[in-house]
Amino acid sequence: MLIAKIANISYFWKPYMSGDLTTAFNLMIVGMITVAIILLLVVLTASLLIKLVNRFGPVVEEKKKNTSKNIKKIDAKQLAVLAAVVEHVTNGKGVIKEITKGT
């Protein structure tokens, strides 16, 4: 078994430790390797599940509410100020696409 062979590399520290300490250190190494393998399996399984759900899961389309009647129009001066602020903050990379009322 690979884990037993890896844990049996105690010949590096065996001359410097007692038998109980060597056994504890070997047990710690086996435990850490086991935890790493289990975490790797969890990550791989989760990423596979995410890919499967994204590929075969239902596509949810958002329905836009027709709220343009309830929102008053923003005048050109306020829109120019907002555009200038967005341009300044994003160094010219940001664009205002839509302005909606927050909750």
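The values are calculated or read from the model by the stated rules, or taken from the named source; none is laboratory data. Since this is a predicted model, take the numbers as computed values, not measurements. Glycine also receives a Cβ, built like all others from the backbone with ideal geometry; neighbour counts cover every protein chain displayed.
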Among (1) modelled with pLDDT under 90; (2) surrounded by 11 or more Cβ atoms within 10 Å (Cβ to Cβ), where does K72 come up short? (2)
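Residue check: is A83 at pLDDT below 90 and hydrophobic (A, V, I, L, M, F, W, C)?
yes
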Subset of segment 19-64 (residues that are surrounded by 11 or more Cβ atoms within 10 Å (Cβ to Cβ) and under 30 Å from E98 (Cβ atoms)): I50
Kindly list, by first and then second residue, each pair from a residue in segment 82-103 that is among the β-branched types (V, I, T) to a residue that is in a loop (DSSP other than H, G, I, E, B), limited to pairs with Cβ atoms under 8 Å and residues at least 6 apart or on different chains. V86/G94; V86/V95; V86/I96; I99/I74; T100/T67; T100/I71
Enumerate the pairs (first residue in segment 29-41 and without any contact (Cβ under 8 Å) to a residue 24 or more places away in the chain; second residue anywhere and in a helix (DSSP H, G or I)) with beta-carbon separation below 6 Å, excluding pairs fewer than 6 apart on the same chain, so at least 6 apart or on different chains. I29/A7
